[in-house]
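Comments concern the structure below.
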Amino acid sequence: MLRSLLFSALRIAIAVAAVLALLWWFGVRMPGKNILKAAPLSTDEVALREELRASVQKLAGEIGERNMWHYPQLNAAADFIENSFSRAGLRTRRDSYDMHGQACHNIEAEIAGARPEILLIGAHYDSVFGSPGANDNGTGVAATLALAQRFAGRKPEHTLRFVVFVNEEPPYFLSDEMGSFIYAGRCKARGDKISGMISLETIGYFSDAPHSQTYPSPGLGIFYPKVGNFIGFVSNVQSRALLRRVVALFRKHAKIPSEGAALPAFIPGVSWSDQWSFWRYGYPGLMVTDTAPFRYPHYHSSSDTPDKLDYDRFTLVVSGMEKVIEDLDKS
């Protein structure tokens, strides 16, 4: 009896070890050399930091909560985004749809490339009910606007498309009423060749405190840091190749620690943004995130205000993503 129990325990231990080994090899192991801590900002990055700060302050400090319950503010945010694209010299387009008798707008700016493949960078601009949404997702919007400005006037190989989406937050979250879901469906119907979608989602909070980082599944804590000083890259299993390419490029240039994971979409957090919509239509996509509720103490609360963010490390993420987009465009 004892021998049987020991053999059973051994088989279970071997099975668990095998699962963890496969998870590490296929989902966790990322290319490139990671760094241990953030570097100082360059002169150009100091200017970028102030640009990002101003955009977050405009969205979360001046406009404030923006959603269907605060519809004038939602439209004010759309106007600000559209004007920001236009000031950068980009032609904008409103991809609009009706939501219970009210017009909702995804805002698009595109830089035509020599090739038909599209690299799409996006973020949602609505905030959850009861929150001004500085980190979620004023940071993603500010980053999208800053990146669009830096590529304006260039002649890329791929078409670069910058899109800011409406209605990502509940009650539209992970439904066919999300702005990004409607947008992705229209892309599919037109036959748009989107080679990769990068969703910028809640990217402005970092901590060096012990145990400041948690994970949606206890097993993931075996592989990843317990300190929230890194930026995360997350995809579903089908987008693993894109994820590994992006992480490798980020680590090639970046000045901030990074971690990556290609995991099944049912794991909590993996599909929690607009990349989910593009997965549903067969496009590869990934999310760039500070991991939101698994680190950020002000997530989805009234205290998600501009003063809570780490603008230096936020800037290093955006600066690194500029290099990623440049290199992806060349490949």
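Bear in mind that the values in this text are calculations on the coordinates, not laboratory data. All figures in this text were calculated on a predicted structure; none of them were measured in a lab. Because the Cβ atoms are built from the backbone with ideal geometry, glycine has one as well, and the counts that use them run over all protein chains shown.
So if I take the centroid of the Cα atoms in the range 25-91 and the same for the range 142-171, what is the distance between those two points in Å? Distance between centres, Cα-based: 10 Å. Scaled against the 2.2 N^0.38 Å expected of a compact globular protein of N residues, the Cα radius of gyration of the range 101-228 reads 1.23.
Judged by the mean number of other Cβ atoms found within 10 Å, the most tightly packed of the peptides 143-151, 284-292 leads the ranking 284-292, 143-151. Sorting the segments 314-321, 207-214, 99-106, 249-256 by their residues' average number of neighbouring beta-carbon atoms within 10 angstrom, most packed first, yields 314-321, 249-256, 99-106, 207-214.
Applying Stokes-Einstein at 10 °C and 1.306 mPa s to the Kirkwood radius of the chain, computed over alpha-carbon pairs, gives a translational diffusion coefficient of 79 µm² s⁻¹. For the pair Glu177 and Lys308, the difference between a 0.36 nm per residue extended length and the Cα-Cα distance amounts to 44.1 nm. A Cβ-based charge dipole, computed about the Cα centre of the range 21-157 with Lys and Arg at +1 and Asp and Glu at -1, lands at about 540 debye. Considering only Ala78, Gly138, Ile111, the residue lying farthest towards the positive end of the dipole of the range 76-151 is Ile111, judged by Cα position with unit charges set on Cβ.
For the chain, the 222 nm mean residue ellipticity estimated from helices alone, with every DSSP H stretch of n ≥ 4 adding -39500 (n - 2.57) and the total spread over all residues, rounds to -11500 deg cm²/dmol. The base-10 log of I(q)/I(0) for the range 150-206, evaluated at q = 0.14, 0.20, 0.23, 0.24 Å⁻¹, reads -0.53, -0.93, -1.07, -1.11 [Debye formula, identical scatterers on Cα atoms, solvent excluded]. The residue list Met178, Ala39, Gly269 was ranked by how far each Cα lies along the charge dipole of the range 35-330 toward its positive end, using unit charges on Cβ atoms, and Ala39 comes out on top.
Here each label is just a point 7 Å from Cα along the line to Cβ, and for Ala112 and Glu157 those points are 2.0 nm apart.
Calculated FRET efficiency, Ala189 to Lys37, Cβ-Cβ distance, R0 = 41 Å: about 0.35 to the nearest 0.05. Of the cross-linked pairs Lys252/Lys330; Lys37/Lys226; Lys58/Lys308; Lys33/Lys193, which ones have a Cα-Cα span greater than 21 Å in the structure shown? The answer is Lys33/Lys193.
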